[in-house]
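Written below as structure tokens is the structure these notes are about.
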Amino acid sequence: MRLTPSTTNQKALAMGAIAGMRAMVAPAILSNHLSNSPTLFLQGSQLDYLQKSGVATGMKVLAVAELIGDKLPMTPNRIKPLQLVPRIFSGALVGATLAEANGENRVTGALLGVVGALAASYAFFYLRKNLGKMIGLPDASFALLEDALAVKAGTAILKG
């Protein structure tokens, strides 16, 4: 089913936010969705590879590695450039793909994905930091909650 432009834009922004939370989770969820429900709009495009089941599997493996790596004490903050760049790229990728999959302008989708990724990167960084101070639980507790939220919300965004 083809989405309206405003719905496509909302989904691009929202999936960009998922990328801001976890850089690999957003494209993994999107690729899994597209491999199960391919669209003609992507066939023959540069983004067609995201519809391949092997790519979806590989992205899921990378997403799990990211979920584990996020909990390591030596992992830098997500708002450091080395961590922020992949989130921005991921947001652009999912936004552009969602737009093109619905016959919309992929540049607009990419830009919305970047905005979502940047906003969520900073929002969740400070949310986790402040919740940790207020509640006194270790950061890993909030990281696990964020993992669950990213997976559940990303899946719901694409279903809705």
Going through (1) among the hydroxyl-bearing types (Ser, Thr, Tyr); (2) surrounded by 19 or more Cβ atoms within 10 Å (Cβ to Cβ); (3) more than 19 Å from Lys11 (Cα to Cα) one by one, Tyr126 fails only at (2)
Of all residues making up region 34-62, the number that are in a loop (DSSP other than H, G, I, E, B), free of Cβ contacts under 8 Å to residues at least 60 places away in the same chain and either more than 14 Å from Leu93 (Cα to Cα) or among the basic types (Lys, Arg) (or both): 6
Quick one: would you say Leu145 is touching a residue at least 60 places away in the same chain (Cβ under 8 Å) and among the aliphatic types (A, V, I, L, M)? no
Any hit, region 67-76, residues being at pLDDT 95 or above, within 22 Å of Phe124 (Cβ to Cβ) and surrounded by 13 or more Cβ atoms within 10 Å (Cβ to Cβ): no
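Got at least one residue in region 129-137 being of a type in the set (D, E, K, R) and farther than 25 Å from His33 by Cβ?
Within region 129-137, the subset of a type in the set (D, E, K, R) is 129, 133.
Still in the list and also farther than 25 Å from His33 by Cβ: 129, 133.
Yes: one or more hits.
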Please go through region 85-115 and pick out each residue that is surrounded by fewer than 24 Cβ atoms within 10 Å (Cβ to Cβ) and of a type in the set (Ser, Thr, Tyr). Thr108
Is there a residue being free of Cβ contacts under 8 Å to residues at least 40 places away in the same chain and within 17 Å of the chain's Cα centre (by Cα) anywhere in region 97-105? no
Looking only at region 118-160, count how many residues are outside any helix (DSSP H, G or I) and of a type in the set (A, V, I, L, M). 1
Condition check for Ser53: crowded, with 20+ Cβ neighbours inside 10 Å and of a type in the set (Ser, Thr, Tyr): no
Which residues, counting only those in region 1-50, are out of contact with any helix residue (DSSP H, G or I) (no Cβ under 8 Å at 6 or more places or on another chain), crowded, with 16+ Cβ neighbours inside 10 Å and more than 18 Å from Ala117 (Cα to Cα)? Asp48
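The values are calculated or read from the model by the stated rules, or taken from the named source; none is laboratory data. No experiment lies behind these values; they were computed from the predicted model shown. Using ideal geometry, Cβ is built from the backbone for each residue, glycine included, and neighbour counts are taken over all protein chains shown.
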